[in-house]
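The values are calculated or read from the model by the stated rules, or taken from the named source; none is laboratory data. Worth saying up front: this structure is predicted, and the values here are computed from it rather than measured. In this analysis, Cβ positions are derived from the backbone assuming ideal geometry, glycine residues included, and neighbour counts consider all displayed protein chains. Protein only, heavy atoms only, side chains kept; ligands, DNA and RNA dropped before computing areas. Shrake-Rupley method; radii C 1.70, N 1.55, O 1.52, S 1.80 Å.
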Amino acid sequence: MKNHRLHLFLRFVLLLEASLFSFACSSKIIPSIKPDRGLANTPPMGWNSWNKFQCDIREDIVREVADAMVTNGMRDAGYQFICLDDCWMQNDRVDGHLKADSKTFPNGIKALADYVHSKGLKLGIYSDRGRKTCQGRDSSFGYETTDARDFADWGVDYLKYDDCNLPSNVSDRDGYRKMRDALLATGHPIVFSICAWGFQDWMPEIGNLWRTTGDIHDQWDDVVNHVNENEQYSSRSHVGAWNDPDMLEVGNDGMTTEEYKSHFSLWAVMTAPLIAGNDVRNMSKETREILTNTEVIAVDQDPWGLQGVKVWEGGDGLAVYSKVLAGANKRAVVLFNRSAFPAKVTARWSDLGLPPGPASVRDLWAHKDLGNFQEAFQSDVPPHGVVMLKVVSQEP
Ligand code: GLA
């Protein structure tokens, strides 16, 4: 309840700030310098090569991923960016430029970007603000302007910028700001994803998204830890600037289907980027159904862009998360059971910040309206599972 009041207050402050800002710009009190350039107005959705392929990524795999995302319904469900992670580049620069590894990306990045674009998708790339990437390939320190220009010329739409092998005399903020400025100077819209394994206050000013955590692993306990860490910064994310608890592990086989449903639901209620990390060319029906559940995706992509928060916590690992959705008195709700035993979990309207009286409840995994309920809704929740709901007050 307290969290919802805080959210409503913050939303009011943001709206006020936005109105004052646009008044100030239009009346020339301050020049127009919108840092996010209108990019990533909802959390980015896409696919990234790292979780599944690590350094074994090749151009033909990326092309097949693009094909698969068209035929398996992911593109139509909202996944947009196909992102290369580490190891796409050679170990050393050629004539001062980063160059794609000629064995694994023989046609270079521009041809790949053209292919991805021809499928109605966008291309993401990876570099690092230090002297070498985390896997020891060449990276962008000292070459920010050249690299940003090359990325723009190749038609790249998204940059994940890592934090390994740093020079000792550049602050985190300055390292990332330098690349942000270089990207802006190209005039080409490139989403800027900061990967520095933890939140710092300057990040929302500089990136469109920033990692709030270390690297995710395909294990239940790790998913729970990432949720706990990410939720601490819920008030810091806003439209164009998102908390990123790291890419999805759905479909990578380290967890059960129930656990993957929880992972996906929690990312959506936390308004996190939805970047699939599995082999989408070849996935089970269960995995595809999770990744393309458009009702859950709609929660993540809600236009108000508010991050859901924990509004109730019981003993034994039970919790209720709630996200304020656009419109009057609408909530996305996750009843969460992180324990190893089945349990009943209750969402109370008072905890969700909804008025007492009837509210409609829809189950977003069963795709079923459950009817109107007064004051609360209770459900059985399986071990390591969730029930995900949309609750809409029927009070005028
Ligand atoms: C870091 C990042 C990962 C991945 C690897 C690649 O660990 O946090 O997401 O990009 O580097 O080397």
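If I ask for residues that are over 24 Å from the mean Cα position of the chain (by Cα) and open to solvent by 40 Å² or more (accessible area, probe 1.4 Å), which ones from segment 119-136 would you list?
Listed by number, the residues that qualify are R131, K132.
Can you tell me how many residues in segment 283-325 are assigned to a loop (DSSP other than H, G, I, E, B) and free of Cβ contacts under 8 Å to residues at least 60 places away in the same chain?
5
In the list A332, A366, A347, A340, which residue meets the criterion of being without any contact (Cβ under 8 Å) to a residue 24 or more places away in the chain and either in a strand (DSSP E or B) or on the phi < 0 side of the Ramachandran plot (or both)?
One residue alone meets the criteria, A366.
If you check N107 against the conditions, is it surrounded by fewer than 16 Cβ atoms within 10 Å (Cβ to Cβ) and in the same structural domain as N293 (by TED's automatic domain parsing)?
Yes: the conditions hold for N107.
Can you tell me which residue within segment 82-97, out of those that are in contact with a strand residue (DSSP E or B) (Cβ under 7 Å, 6 or more places away or on another chain) and over 25 Å from D215 (Cα atoms), is surrounded by the most Cβ atoms within 10 Å (Cβ to Cβ)?
Restricting to residues being in contact with a strand residue (DSSP E or B) (Cβ under 7 Å, 6 or more places away or on another chain) and over 25 Å from D215 (Cα atoms), the top hit is R93.
Residues are listed down the side, and each one gets a yes or a no for (1) of a type in the set (S, T, N, Q); (2) free of Cβ contacts under 8 Å to residues at least 12 places away in the same chain; (3) surrounded by fewer than 20 Cβ atoms within 10 Å (Cβ to Cβ):
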residue	(1), (2), (3)
L183	no, no, no
G187	no, no, yes
S193	yes, no, no
R211	no, no, no
D218	no, no, no
V223	no, no, no
S234	yes, no, no
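Quick one: in segment 149-164, which of the residues that are over 17 Å from H117 (Cα atoms) and not acidic (D, E) is farthest from the ligand (Cβ to nearest atom)?
Among those residues, the one meeting the criterion is R149.
Can you say whether N243 is within 16 Å of the ligand (Cβ to nearest atom) and open to solvent by less than 10 Å² (accessible area, probe 1.4 Å), as far as the supplied structure shows?
Here the answer is yes, as N243 does meet what is asked.
Select from segment 50-81 the residues that are within 15 Å of the ligand (Cβ to nearest atom) and either part of a helix (DSSP H, G or I) or in contact with a Leu (Cβ under 6 Å, 6 or more places away or on another chain) (or both) and write down the one among them that is most open to solvent (accessible area, probe 1.4 Å).
Across segment 50-81, the extreme among qualifying residues is K52.
Of the numbered conditions (1) basic (K, R); (2) under 16 Å from the mean Cα position of the chain (by Cα); (3) surrounded by fewer than 24 Cβ atoms within 10 Å (Cβ to Cβ), K285 fails exactly one; give the number of that condition.
Condition not satisfied by K285: (2).
Which one of these does V156 not meet: (1) touching a Leu at 6+ places or on another chain (Cβ under 7 Å); (2) in a helix (DSSP H, G or I); (3) of a type outside the set (S, T, N, Q)?
Looking at each condition in turn, V156 falls short on (2).
Residues E259, E205: which one is among the charged types (D, E, K, R), assigned to a helix (DSSP H, G or I), open to solvent by 30 Å² or more (accessible area, probe 1.4 Å) and away from the ligand (no atom under 15 Å from the Cβ)?
The match here is E205.
Residues A328, A366, A298, A376: which one is surrounded by fewer than 19 Cβ atoms within 10 Å (Cβ to Cβ) and within 20 Å of the chain's Cα centre (by Cα)?
Of A328, A366, A298, A376, the one residue that is surrounded by fewer than 19 Cβ atoms within 10 Å (Cβ to Cβ) and within 20 Å of the chain's Cα centre (by Cα) is A298.
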